[in-house]
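The structure appears below as structure tokens.
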Amino acid sequence: MILYPAIDILDGKAVRLVEGRFEDQTVYHDDPLAAATSWVEAGARFLHVVDLDGARSGEPKSIEHLRRIASETGVPVQYGGGLRSLPAVRDALRAGAERVIVGTAAFRDIDFLDSVIAAFGPRVLVSVDVRGGHISTAGWTQTTQMPADDAIRRLGDRGVSSFVYTDVDRDGRLEGPSLDDVRRVADAVRGRFLYSGGIGDLDHLRALADLRQVNLAGVIVGKALYEGRFTIAEGQAALDAQRPADGYSRARPAHHRR
């Protein structure tokens, strides 16, 4: 498993939200590139970048930040937020994203999902954002009646093999993951997934690693890193100590340009 530092961009700044509420934000860096650089200097091998303005508005707003981060840090970046059309996805990849994360449109526009999977396949992750067990969309501002397990299985039937699972109810609270929910997600995923939501200390990372779910490929961490609860190196060591890394995203993909 690999540790993914999160860089959430809102109004051009690196922020963290609590439970996905835009009104409950903390600004950690005035320039997202500064956050990215600090994580890479601390040993990050991959970055998770989310355009919150794009997620809320429905179209990317931080492509230029992505371009700067991808070109100046030299590590692979996965990018999401407002990617709801094929041209938007293409623009993100051209700006330097190694992988793109699609969310809202994957649930609302089957033709879009089919086309983006056909065009970019393994470079596409679908974001499964969950409140109260149900899918949340539009930058976490709307919650559907679609159970997360059902959504994951339906997406798998359409050829999706990589997911980001976010427990929105726990996001930013530092209280740890629901291990039972993670097990259920692992049972539903045919492919690989990353976990996000509520990581607050090293024991939370160890607990996820101890699940020994072979399709849990990584953990996304934001607030705990920004607040210094552990370092990148400590977090990665907590994941590595439990089982050998499965190789997912550990090595830079062969098609990476840098």
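Can you name the residue in the stretch 106-120 that is aliphatic (A, V, I, L, M) and closer than 15 Å to M146 by Cβ and, of all such residues, is surrounded by the fewest Cβ atoms within 10 Å (Cβ to Cβ)?
I110
Identify the residue in the stretch 171-209 that is in contact (Cβ under 8 Å) with a residue 60 or more places away in the chain and not hydrophobic (A, V, I, L, M, F, W, C) and, among all such residues, is farthest from G222 (Cα to Cα).
R173
May I ask you to list pairs of residues, at least six apart or on different chains, whose Cβ atoms are under 8 Å apart, with the first in the stretch 70-90 being in contact (Cβ under 8 Å) with a residue 24 or more places away in the chain and the second being assigned to a strand (DSSP E or B) and hydroxyl-bearing (S, T, Y)?
Q78/Y4; G80/S127
Among the residues of the stretch 150-169, write down those that are touching an Asp or Glu at 6+ places or on another chain (Cβ under 8 Å) and farther than 17 Å from I101 by Cβ.
Hit for the stretch 150-169 is D169, nothing else.
What's the number of the condition H134 fails, among (1) touching a Pro at 6+ places or on another chain (Cβ under 8 Å); (2) surrounded by fewer than 22 Cβ atoms within 10 Å (Cβ to Cβ); (3) touching a residue at least 24 places away in the same chain (Cβ under 8 Å)?
Unmet condition: (3).
Could you give me the residue pairs with C-beta distances under 6 Å whose first residue belongs to the stretch 213-228 and is closer than 27 Å to D187 by Cβ, whose second residue is of a type in the set (D, E, K, R) wherever it lies, and which are 6+ apart or on separate chains?
These pairs meet every condition: N215/R192; A217/R192; G222/R16.
Yes or no: G176 more than 16 Å from M1 (Cα to Cα), touching a His at 6+ places or on another chain (Cβ under 6 Å) and modelled with pLDDT of 95 or more?
yes
Is it true that some residue in the stretch 156-163 is open to solvent by less than 10 Å² (accessible area, probe 1.4 Å) and in a helix (DSSP H, G or I)?
no
Taking the stretch 181-209 only, how many residues are in a helix (DSSP H, G or I), charged (D, E, K, R) and touching a helix residue (DSSP H, G or I) at 6+ places or on another chain (Cβ under 9 Å)?
Of the residues in the stretch 181-209, 5 are in a helix (DSSP H, G or I), charged (D, E, K, R) and touching a helix residue (DSSP H, G or I) at 6+ places or on another chain (Cβ under 9 Å).
Only one of G20, G43, G58 is at pLDDT below 95, over 16 Å from the mean Cα position of the chain (by Cα) and surrounded by fewer than 23 Cβ atoms within 10 Å (Cβ to Cβ). Can you tell me which?
Of G20, G43, G58, the one residue that is at pLDDT below 95, over 16 Å from the mean Cα position of the chain (by Cα) and surrounded by fewer than 23 Cβ atoms within 10 Å (Cβ to Cβ) is G58.
Could you check, for the stretch 90-100, whether at least one of its residues is modelled with pLDDT under 95 and either part of a strand (DSSP E or B) or surrounded by fewer than 21 Cβ atoms within 10 Å (Cβ to Cβ) (or both)?
no
Among the residues of the stretch 214-228, which ones are of a type outside the set (A, V, I, L, M, F, W, C), closer than 16 Å to V40 by Cα and not in a helix (DSSP H, G or I)?
Those that are of a type outside the set (A, V, I, L, M, F, W, C), closer than 16 Å to V40 by Cα and not in a helix (DSSP H, G or I): G222, G228.
Restricted to the stretch 164-174, and to residues that are outside any strand (DSSP E or B) and among the acidic types (D, E), which residue is most open to solvent (accessible area, probe 1.4 Å)?
Among residues in the stretch 164-174 that are outside any strand (DSSP E or B) and among the acidic types (D, E), the one most open to solvent (accessible area, probe 1.4 Å) is D169.
The values are calculated or read from the model by the stated rules, or taken from the named source; none is laboratory data. No experiment lies behind these values; they were computed from the predicted model shown. Methodologically, a virtual Cβ is constructed for each residue, glycine included, from the backbone with ideal geometry; neighbour enumeration extends over all protein chains shown. Note: accessible area is taken over every heavy atom of the protein model, side chains too, but ligands, DNA and RNA are not part of it. Shrake-Rupley method; radii C 1.70, N 1.55, O 1.52, S 1.80 Å.
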